[in-house]
Amino acid sequence: MESRQHNITKEPEIELFVKAGLDGENIGNCPFCQRLFMVLWLKGVKFNVTTVDMTRKPEELKDLAPGTNPPFLLFNKELKTDFIKIEEFLEQTLGPPTYPHLSPKYKESFDVGSDIFAKFSAYIKNPRKEANINFEKALLREFQRLDIYLNTPLPEEIDQDSVEDITVSKRKFLDGDHLTLADCNLLPKLHIIKIAAKKYRDFEIPADMAGVWRYLNNAYACDEFSHTCPADEEIEHTYASVARKMT
């Protein structure tokens, strides 16, 4: 056990396998792949990323992870599957003092965006024009909920000794000024919504949702997010067959 711990402290050997894009080489559209890519980057650990062309999965990968689609992980040559289990494993294994903890302080930071992607999926798949307004309203309600949370100061932002009341949060991300697992979960989904909903439903996140836009702008300024996003074309291609034409 001691030698294993020593080995991890030295530098684990990590390879992340993610879905390849249309060219078979670049990063494809997969929010779960991006989620793990962000986690590893934020951990500050050395790792390799291999894109897997799902149209012609190489024989060696079929042997490595039969029947498994990306994302999956090799950690010191041990196969890890199921992105939630992988994330939990990384958070437990790669911890202080060598690596930062990424779990959010507040449960609400994880909960607040939990329904937004489901509402988006229902909205983009709906083919009935008369029902569109209700699906759009349901999506907007989730964005409103997120906006309110992002604008509500966290407990540490409120100085009990200050005479000045802080009424609007100035934090950068869901749980404070540092990206956490909550952001790794939500941001890839928000990016997909932003691109696909605009392309196929001419939907834009309302400009008056200052909390959401502050959050997104801060996120796009971080390499860990912006450099792990798939190209817009990848997202548009994914949803070309999903977004139903309204009649």
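The values are calculated or read from the model by the stated rules, or taken from the named source; none is laboratory data. Keep in mind it's a predicted model, so treat the numbers as computed, not measured. Cβ sites come from the backbone with ideal geometry, for glycine too, and all protein chains shown count toward neighbours. Remember, those area values only see protein heavy atoms, side chains included, never the ligands or the DNA or RNA. Shrake-Rupley method; radii C 1.70, N 1.55, O 1.52, S 1.80 Å.
Worth pointing out:
- Among the residues of the range 74-88, those identified as under 28 Å from Gly21 (Cβ atoms) and either charged (D, E, K, R) or over 17 Å from the mean Cα position of the chain (by Cα) (or both) are Leu74, Phe75, Lys77, Glu78, Leu79, Lys80, Thr81, Asp82, Lys85, Glu87, Glu88.
- Some residue of the range 50-60 being surrounded by 12 or more Cβ atoms within 10 Å (Cβ to Cβ), of a type in the set (D, E, K, R) and out of contact with any Pro (no Cβ under 8 Å at 6 or more places or on another chain): yes
- Criterion applied to Phe89, Phe120, Phe110 was being open to solvent by 50 Å² or more (accessible area, probe 1.4 Å), out of contact with any Ser or Thr (no Cβ under 8 Å at 6 or more places or on another chain), of a type outside the set (Asp, Glu) and in a helix (DSSP H, G or I), and the one residue passing it is Phe110.
- Sub-6 Å Cβ pairs linking a first residue in the range 94-123 that is among the aromatic types (Phe, Trp, Tyr) to a second residue that is in a helix (DSSP H, G or I) and open to solvent by 60 Å² or more (accessible area, probe 1.4 Å), at least 6 apart or interchain, are Tyr123/Phe135, ordered by first then second residue.
- Within the range 127-158, tally of residues that are buried (at least 18 other Cβ atoms within 10 Å of the Cβ) and closer than 22 Å to Thr238 by Cα: 2
- Residue that is most open to solvent (accessible area, probe 1.4 Å), among those in the range 212-239 that are touching a residue at least 24 places away in the same chain (Cβ under 8 Å) and hydrophobic (A, V, I, L, M, F, W, C): Ala231
- Long-range neighbours under 6 Å by Cβ, at least six apart or interchain, first residue under 19 Å from Gly113 (Cα atoms) within the range 131-142, second among the β-branched types (Val, Ile, Thr) and in a helix (DSSP H, G or I): Glu142/Ile116
- Checking the stated criteria, Asp63 turns out not to satisfy the condition of being at pLDDT below 95 and touching a strand residue (DSSP E or B) at 6+ places or on another chain (Cβ under 7 Å).
- In the range 41-70, the residues that are over 17 Å from Glu13 (Cβ atoms) and in a loop (DSSP other than H, G, I, E, B): Asp53, Met54, Thr55, Arg56, Lys57, Pro58, Pro66, Gly67, Thr68, Asn69, Pro70
- Long-range neighbours under 8 Å by Cβ, at least six apart or interchain, first residue without any contact (Cβ under 8 Å) to a residue 60 or more places away in the chain within the range 58-79, second assigned to a loop (DSSP other than H, G, I, E, B) and among the polar types (S, T, N, Q): Ala65/Thr81; Thr68/Thr81; Phe72/Thr81; Leu73/Thr81
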